[in-house]
There are 2 protein chains.
Amino acid sequence: MITAAVIVIGDEILSGRTQDANLNYIAAGLRSCGIDLQECRVVSDKEDAIIEAVQALSKRNTYVFTTGGIGSTHDDITSASVAKAFNKDIVVHADALKLLESYYGDNINNARRRMALAADGAILHERMVFQIENVFIMAGIPRVMREMFDSLLPKLQHGEPILSVSLKAHVLENDLADELFEIQKNASDVVIGSYPFYEENDKGTCLVATSRNAIRLAEVEKQLQALIDSKS
Amino acid sequence: MITAAVIVIGDEILSGRTQDANLNYIAAGLRSCGIDLQECRVVSDKEDAIIEAVQALSKRNTYVFTTGGIGSTHDDITSASVAKAFNKDIVVHADALKLLESYYGDNINNARRRMALAADGAILHERMVFQIENVFIMAGIPRVMREMFDSLLPKLQHGEPILSVSLKAHVLENDLADELFEIQKNASDVVIGSYPFYEENDKGTCLVATSRNAIRLAEVEKQLQALIDSKS
């Protein structure tokens, strides 16, 4: 199984100032490639917090993606913290510096040069994404993050496709619950999610079944449809 | 310092199906009460994942808030998992059951009764929020979660107010970075965040300074304003 974790880095998310818009995009992209997103952590712009998350999540996942904290200002400490998490020095990445110099020309300054700093041995991908071990460092600004993530996705090892069916029932969750227990009990390789919805004039439950086994999924879909029909 | 952590529980968030809308609301509410939100974890509907997050975060924070996984279906395992995290049995909470019976009347069924299950010794708050140790269990549906959270907030221990000023500069972040390093270095009890924005015809940087010390914050605000003026 190919797994991933996301680390959203930013005081602005934890203060309520900004609504994160990156996790959802990354989650959908990984899902489309059969990669299992296991966990996301939102941490502040503090070295200790970043190091702890990187060490915990990089050990037990194929890939880790960070968002945020990669600009040129004092609060952009992701690169340095990821380096420290792996006990690596932070050094000027020669190719990154060349790119920055050619992009900024005469407008290059110390602040812009700092964006070429990365952990010793970091791999530079397109759109200035650094990779340290299995950690990919991406921007926090959603527009930039999306370009970075989209350029990385084809390079990753993809997993077996995750199949999913979604059934909308105009029946309350409570009235499906007992039978859902039974169906789930007998379908160990299918995961059934039950999501109530309450819209005006439209209440009910959305049932989502997910599996890597198409035959088992089709069987469960039939059972769920029969349950819905029996209650409608 | 009064601190908090949030655990968002739900496969639907990690699959990309649903955009979380709860963290931002909780974050803003805690901030308004001087409570420091330290971390958020998004985990799947798996017992092990929930237990690990609850144990790690409840130890080092004043409060932990969970969202999601509290309905009556097989995938609603938050209550049972939080109980397990604290080595407690899961039992019928008599007052919760009474409330459910009086609410549902003749429509009470096994599924609805299951919503009265909680860790032994759990405290029942308004709107069916269970508290186990320092963990508050809330719904995943944003409308319901907000009602629950709003009813809890006045009961929590509040922290010293967190003050904040925000300055909009029509100057690129890179052109402020060197001076921001200096200002931050000399202002240890103020945290300065630098957030570039790129809107059509409007590029620049938003500087946000945060502190519990009003005098130091006012000094830093002056320094930041002087920096912006010198670059504009």
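Annotations
- Enumeration of residues in the range A:162-187 that are farther than 17 Å from B:Asp11 by Cβ and under 27 Å from the mean Cα position of the chain (by Cα): A:Lys168
- Residue within the range A:69-82 that is touching a residue at least 12 places away in the same chain (Cβ under 8 Å), within 11 Å of another protein chain (Cβ to nearest Cβ) and within 16 Å of the chain's Cα centre (by Cα) present: no
- Residue selected from the range B:188-232 under the condition closer than 24 Å to B:Met1 by Cβ, surrounded by fewer than 19 Cβ atoms within 10 Å (Cβ to Cβ) and within 14 Å of chain A (Cβ to nearest Cβ), by the criterion farthest from the chain's Cα centre (by Cα): B:Ser188
- Test result for B:Leu37, more than 19 Å from A:Ala4 (Cβ to Cβ), in contact with a strand residue (DSSP E or B) (Cβ under 6 Å, 6 or more places away or on another chain), of a type in the set (A, V, I, L, M) and assigned to a helix (DSSP H, G or I): no
- Hits in the range A:51-68 - residues which are within 11 Å of chain B (Cβ to nearest Cβ) and either without any contact (Cβ under 8 Å) to a residue 40 or more places away in the chain or in a helix (DSSP H, G or I) (or both): A:Glu52, A:Ala53, A:Ala56, A:Leu57
- Residue satisfying all of: in the range A:12-27; outside any loop (DSSP other than H, G, I, E, B) and within 12 Å of the chain's Cα centre (by Cα); farthest from the other protein chains (Cβ to nearest Cβ) among these: A:Asn22
- Pairing each residue of the range B:110-134 that is of a type in the set (Ser, Thr, Tyr) with any residue that is outside any strand (DSSP E or B) and surrounded by 17 or more Cβ atoms within 10 Å (Cβ to Cβ), provided the two are 6+ apart or on different chains, yields no C-beta distance under 9 Å.
Every number here is computed from the coordinates shown, using simple stated rules; none is lab data. It should be emphasised that the depicted structure is a prediction, and the values quoted were computed from it without experimental measurement. Cβ coordinates were reconstructed from backbone atoms using ideal geometry, including for glycine residues, and neighbour counts include every protein chain displayed.
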